[in-house]
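Scroll down for the structure; my scribbles are underneath it.
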Amino acid sequence: MIQDIYPHKLDNHYYPDRRPAAKSPVIAFRKQDVLVKGDLFPSSDEFPEDITDKLIYLFSLDEENYFYLDAGDESMKLPDGYEFISVRTFRRMGTAEKYRVFLAYTALQLANWYRGNKYCGWCGRKTSIDTKERALRCECGNVIYPRIVPAVIVGITNGDKILVTQYKTGFAHYALVAGFTEIGETLEETVAREAMEETGLKVKNIRYYKSQPWGIVDDILVGFYCDVDGDDTIRMDEGELKVAEWRSREDVELQPDDYSLTNEMMTMFKEGRI
């Protein structure tokens, strides 16, 4: 999956006193686009000196510190040879090292949080970066922490078959039932609700498999397998899906890369390991 970057190791602990060195990598965003040259991020010394004070510590990888730059100002002078591309394009171009794609996804989640909370939602004042923890503070006392959105990936099995889906718009490859957890709902309740809403199926034997951070939409994805309970007739939500059907192990079509929890769960079933 996208976070499986061994032998590299990410340290996402917040160190507020860390400052960029001459060659510190910078992950710069303009809206949802990241600044790259091929699959490389620019380094701090490639920017004008007045940019240094705008850099915010993100995380470290193998003891190298990475910094975030909000490059929303289109008049900002940028390093030669670099361009802004969407993070999704960065993932799908097929030439970027996996660990760099994971860094871009994770950095985008933090960038969206910083940009989306420049002003306090309680009183409207401008927030400031906390000096001790990853938080934004307001003079009114409001403290804002990064938010992580829980969502489930559901492998519904029916003997030697699994239910696969295709979304009506957007992502073109086969996937599994999925959805966001509602307020006041357990993850297991989310599994049962999403299965019913998307396919009209009741499920049982809900069991946890694995989780995955998915920073491009602020998610923590939580994978579950479950069994169909009773009638296996699919009643597809045609507003969201264009395909929902049972597939035998040999007929499961996998996604083109190994980044997603969804693809790993389909692979596990296809290979008879679930």
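Restricting the calculation to Cα atoms, segment 204-247 shows an Rg/Rh of 1.06 when the hydrodynamic-style radius is the Kirkwood one. Considering only the Cα atoms of segment 161-265, their convex hull presents on average a projected area of 6.9 nm². Among Trp113, Trp122, Trp214, the largest mean-square fluctuation in a Gaussian network model of the chain, built with springs joining Cα atoms closer than 10 Å, belongs to Trp122. Across all C-alpha atoms in segment 45-111, the radius of gyration and Dmax reach 12.8, 34 Å. Under 11 Å from a point 7 Å along the Cα-to-Cβ line of Arg273: which residues of segment 1-28 have their amide N that close? Only 1 fall inside the zone, counting backbone N under 11 Å.
The label-point distance for Leu40 and Asn158, in a model that sets each label 7 Å from Cα toward Cβ, rounds to 5.2 nm. Taking each residue as 0.36 nm, the span from Asp4 to Trp122 lengthens on full extension beyond its C-alpha to C-alpha distance by 38.6 nm.
Hey, with R₀ at 30 Å, roughly what FRET efficiency would Arg88 and Glu49 work out to, going by the Cβ-Cβ distance, to 0.05? For R0 = 30 Å, the calculated efficiency reads 0.35.
The length gained by stretching the chain between Asp70 and Met236 to full extension, at 0.36 nm per residue less their Cα-Cα distance, is 55.6 nm.
In plain terms, the chain from Lys77 to Thr95 could stretch by 3.8 nm, reckoned as 0.36 nm per residue minus the Cα-Cα distance. Using 23 Å as the Cα-Cα cut-off, could you pick out the over-long pairs in Lys77/Lys98; Lys202/Lys242; Lys54/Lys118? In this structure, Lys77/Lys98 exceed 23 Å between Cα atoms.
Treating r as the C-beta distance of Glu133 and Asn205 and R0 as 35 Å, the FRET efficiency rounds to 0.30. In a DSSP loop and with at most 10 other Cβ atoms within 10 Å, the GluC sites (Glu not before Pro) in segment 57-128 are Glu63, Glu74.
Report, to two decimal places, the Cα Rg of the chain normalised by 2.2 N^0.38 Å (N = number of residues). It is 1.14.
All of the numbers you see were taken from the coordinates with simple rules; none came from a lab. As the structure is a computational prediction, the values presented were derived from the model and not from experiment. Glycine gets a Cβ as well: all are built from the backbone with ideal geometry, and neighbour counts include every protein chain shown.
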